[in-house]
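Engineer: Here it is, the structure, as structure tokens.
The values are calculated or read from the model by the stated rules, or taken from the named source; none is laboratory data. Since we're looking at a predicted model, the values are computed, not measured. No Cβ is skipped: glycine too gets one built from the backbone with ideal geometry, and neighbour counts run over all protein chains shown. In case anyone asks, the SASA skips ligands and DNA or RNA and just uses the protein heavy atoms, side chains included. Shrake-Rupley method; radii C 1.70, N 1.55, O 1.52, S 1.80 Å.
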Amino acid sequence: MTKSNFILNKVSDEQTNFLVFFGTFVDTPKLGELRIRERTSIGVLDGIIKFVKRDSSDPVMDCLDYDASLSPDDILVVDITGEDESCLTSFYFPGFIDTHNHISQYPNVGIFGNSTLLDWLEKYTFPMEAALANQDIASEVYNKVIGRTLSHGTTTVAYYNTIDAKSAKLLAQISSVLGQRVLVGKVCMDANAPEYYIEDTKTSYESTVKIIKYIKETLGNPLVNPIVTPRFAPSCSRELMQKLSKLVKDEDLHVQTHLSENKKEIQWVQKLFPECTNYTDVYDKYGLLTEKTVLAHCVHLTDAEANVVRQRRCGISHCPISNSSLTSGECRVRWLLDQGIKVGLGTDVSAGHSCSILATGRQAFAVSRHLAMKKSDNVKLSVSECLYLATMGGAQVLNMEDTLGTFEVGKQFDVQAIDTCTPGSNVDTFHWQLQNQEQNQDFYKNPPLITKEDIIAKWFFNGDDRNTTKVWVAGRVVHQT
């Protein structure tokens, strides 16, 4: 393969109109399928994947074959293989999708006390969120979290903010500048909240409308979109939910809320809404369940509730770190998937103590093993299935599977470059594991070689932000080490 036209690891969307990426591309187009395409080139124009060429020998020629009007000077090649001619230790992977992140709670990461959900909200969460009415504090937190999530390869996030409209506007602005694909939600809560952190129904609704209008009409960045955010049923009046429901339908908006996270929470909802048969029925009755609804947790769903979630085509954000940290329970992910329910992963910062979707995936893997020890082996999640939840599953939950989650022509180029051999990497491999895979080997004298699948598994269990060397959103570099 000729490299005469290669510019290694330098991306500038001011320098060229056409990008071509070369190396190994790994994704999960189906649950349980790990697709590995080595020596592949992918052409990207205006952030959109234009072609995928396997077994490439010359990425520049691949571009010229795609569009004969191009000249070599129009093309910028990004090659992450470097000295790794075997393409074993480095690869491209779709950007992670975090379907549930309370960005305003980030300063509390790792602080739990001995709390469970409801007392944790009162003691830690509401005071912290209220503090972000201070724009200086809010700006510092938002910049930190967006930078942190991007460094971990997360290209798309559904963010909960606070009840303060100015802070929501600020979050949208900072997200736009830093280039992350986001859904920004101003939290709505007009009931059962502290006096210092509550809205009246009119203010909650009208400020939500203003934020939606600002994001859509004034900010006008296609990477930044609004999401209607009733915190959870106990903190929302019937009137507010009905108003938000009409807004969602009129404007075709996303919705995010919490469902069946904690047993005491479920009992509380039953007392607050006696007219509803269960927790899920509250949202259904008041019109908040749509194909664009993201339901966080869903740890204790009944069969009847799961059936409604499936019928309404809602998505579920599995948040295993926070569910374990607050002893909320173990979500039955396999049970949900077997019913055709969309499931993705959520960090649930700050009850989740990490901004990393990779760390969240590891915890999802472990929680499924704990369930297997109680039930049967068929509830286990594999590495490839957890990576699916982190990418394509999250895209489905956000109703964005046509544009995100895999490497396909027509999709957005939201990608992370992974190098398992970066300096200081927590992923350990040895030179004798990475020899030519075709050489003859005496297994009585030499240790076994490892495969690309083995490398990916090592990254899944041991990797972190040190291995994420570069991140693109819509073809634009938004993070690099």
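Engineer: Give the number of residues within region 242-287 that are hydrophobic (A, V, I, L, M, F, W, C) and in contact (Cβ under 8 Å) with a residue 60 or more places away in the chain.
Structural biologist: So the count comes out to 2.
Engineer: Let me ask something additional. I'd like the full set of residues that are open to solvent by 50 Å² or more (accessible area, probe 1.4 Å) and either under 24 Å from residue 131 (Cβ atoms) or not assigned by the TED database to the domain that holds residue 127 (or both), limited to region 206-228.
Structural biologist: Result: 206, 210.
Engineer: Residue check, residue 337 against (1) open to solvent by less than 10 Å² (accessible area, probe 1.4 Å); (2) aliphatic (A, V, I, L, M); (3) closer than 25 Å to residue 378 by Cβ, all met but one. Which one?
Structural biologist: (1)
Engineer: When you check residue 115 against the structure, is it over 30 Å from residue 429 (Cα atoms), crowded, with 18+ Cβ neighbours inside 10 Å and of a type in the set (Gly, Ala, Ser), yes or no?
Structural biologist: Answer is yes for this residue.
Engineer: Quick one: which residue in 154, 125 is among the hydroxyl-bearing types (Ser, Thr, Tyr), over 30 Å from residue 263 (Cα atoms), in contact (Cβ under 8 Å) with a residue 12 or more places away in the chain and open to solvent by less than 10 Å² (accessible area, probe 1.4 Å)?
Structural biologist: Working: 125 fails: over 30 Å from residue 263 (Cα atoms).
The match here is 154.
Engineer: Provide a single number: the residues in region 82-133 that are of a type in the set (A, V, I, L, M), in a helix (DSSP H, G or I) and over 25 Å from residue 318 (Cβ atoms).
Structural biologist: The number of residues fulfilling the criteria is 2.
Engineer: From the list 186, 169, which one is open to solvent by less than 50 Å² (accessible area, probe 1.4 Å), closer than 19 Å to residue 226 by Cα and either among the basic types (Lys, Arg) or outside the structural domain of residue 344 (by the TED database) (or both)?
Structural biologist: On the way: 169 fails: open to solvent by less than 50 Å² (accessible area, probe 1.4 Å).
None of the others qualify; the one that does is 186.
Engineer: Further question: Output the residues belonging to region 303-328 that are buried (at least 16 other Cβ atoms within 10 Å of the Cβ) and farther than 20 Å from residue 382 by Cα.
Structural biologist: Within region 303-328, the first condition is being buried (at least 16 other Cβ atoms within 10 Å of the Cβ), and the residues that meet it are 305-306, 308-309, 312-326, 328.
Scanning region 303-328 gives 305, 306, 308, 309, 312, 313, 314, 315, 322, 325, 326, 328.
Engineer: Please determine whether any residue of region 43-50 is more than 22 Å from residue 468 (Cα to Cα), modelled with pLDDT of 95 or more and open to solvent by less than 40 Å² (accessible area, probe 1.4 Å).
Structural biologist: Scanning region 43-50 turns up no residue that is more than 22 Å from residue 468 (Cα to Cα), modelled with pLDDT of 95 or more and open to solvent by less than 40 Å² (accessible area, probe 1.4 Å).
Engineer: Out of 284, 250, report the one residue that is acidic (Asp, Glu), in a helix (DSSP H, G or I) and either surrounded by fewer than 17 Cβ atoms within 10 Å (Cβ to Cβ) or touching a Gly at 6+ places or on another chain (Cβ under 6 Å) (or both).
Structural biologist: Within the list 284, 250, the selection yields 250.
Engineer: A further question on this structure: If residue 362 satisfies all but one of (1) assigned to a loop (DSSP other than H, G, I, E, B); (2) within 16 Å of residue 464 (Cα to Cα); (3) open to solvent by 20 Å² or more (accessible area, probe 1.4 Å); (4) touching a helix residue (DSSP H, G or I) at 6+ places or on another chain (Cβ under 7 Å), what's the number of the condition it fails?
Structural biologist: Evaluating residue 362 over (1) assigned to a loop (DSSP other than H, G, I, E, B); (2) within 16 Å of residue 464 (Cα to Cα); (3) open to solvent by 20 Å² or more (accessible area, probe 1.4 Å); (4) touching a helix residue (DSSP H, G or I) at 6+ places or on another chain (Cβ under 7 Å) leaves (1) as the failure.
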